[in-house]
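A.B. asks: To start, I am sharing the structure in question, which I have written as structure tokens.
The values are calculated or read from the model by the stated rules, or taken from the named source; none is laboratory data. Everything numeric in this text was worked out from a predicted model, so none of it was measured. Please note: Cβ atoms are built from the backbone with ideal geometry, for glycine as well, and neighbour counts cover all protein chains shown. Only protein heavy atoms, including side chains, enter the accessible area calculation; ligands, DNA and RNA are left aside. Shrake-Rupley method; radii C 1.70, N 1.55, O 1.52, S 1.80 Å.
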Amino acid sequence: MTQLTGKTALVTGGSRGIGRAIVRRLAEAGARVTYTYRQQPAGDAPDGVVAVRADQAAPGAVEAAFAPVRDEGLDILVLNAGIVDRTPIKDITEEDYDRVLTVNTKFPLLALREAAGLLHDGGRVVAVSTLNTVMRGPGLALYCASKAALEQFAAVAATELGERGITVNSVLPGATDTDMLRGVHTPDSLARARSMTALGRIGTADEVAAVVAWLAGPDAGWVTGQNIRATGGLFN
């Protein structure tokens, strides 16, 4: 599988979960991949993959993230990193708002701005959002709002960059077996998610990564400005 040979990719939040699966998938397809991490780099990244520390909540994170690709430019940008907040609206603080919106919304927008000048014609941008922008739940106001804004940024970027053959799409994972999912859901809520999913199970990070890799590849050149649900049929 070498359809991305010669392509340069940057993946935010690539050290675990869906991000780690995306890094591996793009690298296996031949791309030269750089990914960001906040605390620890992945211990099992393929040879040649570059890891760069960039805390999206900290000043200078955009510059740090793009430093390894600034000279040669960029073919693929995957905006994956994000955080989940489960705080009822009545308890949300200004600090909560600033933290979630900075990581999930401000950084991706600034990264899109940076990428606009680095992406080669015919490039690809994929934003990893969440099914929670259409399947909302209590305590998820900040998470839903921040990811909904990300989807709108992607949609507008698709119109602005389309004349250069650059596609921009969002992927909305459903219940996906990651540390993040299990950290915010009880066994009962995971069982409910399985029962509500047409395929009758929780998805895997590799399955979401396959959708991202398709959007990043040559076969998806006529798909742009879309929100694609990778959910196994959850909330169809």
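A.B. asks: Provide the percentage of antiparallel DSSP beta bridges, counting only those with both residues in segment 29-132; round to the nearest 5.
C.D. replies: Approximately 0 percent, going by the DSSP bridge assignments.
A.B. asks: Counting only protein heavy atoms, what percent of the accessible surface of the chain is carbon or sulfur at a 1.4 Å probe?
C.D. replies: Values: 5810 of 11320 Å².
Ligands and nucleic acids excluded, carbon and sulfur give 51 percent.
A.B. asks: In Å², and per residue, what accessible area does the chain have when probed at 1.4 Å with the other protein chains present? Walk me through the numbers before you get to the answer.
C.D. replies: Numbers: 11320 Å² over 236 residues.
Value for the chain: 48 Å² per residue.
A.B. asks: Does anyone have the angle between helix 17-28 and the longest principal axis of the chain? Alpha-carbon axes, 0 to 90°, nearest 10?
C.D. replies: On a 0 to 90 degree scale, this one is about 30.
A.B. asks: Leaving out ligands, DNA and RNA but keeping every protein chain, what accessible area does residue 179 have, in Å² rounded to the nearest 10, with a 1.4 Å probe?
C.D. replies: Taking all protein chains as shown, residue 179 has close to 120 Å².
A.B. asks: Work out, step by step, the length gained on full extension between residue 121 and residue 223: first 0.36 nm times the residue separation, then minus their alpha carbon distance; give nm to one decimal.
C.D. replies: Values: separation 102, 0.36 × 102 = 36.72 nm, distance 1.53 nm.
My answer for the length gained is 35.2 nm.
A.B. asks: Ordering 89, 83, 166, 202 by how much accessible area each has at a 1.4 Å probe, largest first, what is the list? Before the final figure, lay out each step's value.
C.D. replies: Details: 89 130, 83 45, 166 0, 202 25 Å².
If we order 89, 83, 166, 202 from most to least accessible, we get 89, 83, 202, 166.
A.B. asks: Given a 1.4 Å probe and the protein chains all in place, what does the accessible area of residue 78 round to, in Å² to the nearest 10?
C.D. replies: Around 0 Å² of this residue is reachable by solvent.
A.B. asks: Treat every Asp and Glu Cβ in the chain as -1 and every Lys and Arg Cβ as +1, leave all other atoms uncharged, and give the resulting dipole magnitude about the Cα centre to the nearest 20 debye.
C.D. replies: Working: 23 positive and 25 negative charges, 103 e Å.
Around 500 debye, computed over the chain.
A.B. asks: Let me cross-check residue 196: its accessible surface, 1.4 Å probe, with only protein heavy atoms counted, in Å² to the nearest 10?
C.D. replies: Near enough 100 Å² of accessible area.
A.B. asks: Shifting gears a bit: With each run of n ≥ 4 DSSP H residues scored as -39500 (n - 2.57), what mean residue ellipticity at 222 nm is computed for the chain after dividing by its residue count and rounding to the nearest 500 deg cm²/dmol?
C.D. replies: Numbers: 8 runs with 85 residues, N = 236.
The helix-only estimate for the chain comes to -11000 deg cm²/dmol at 222 nm.
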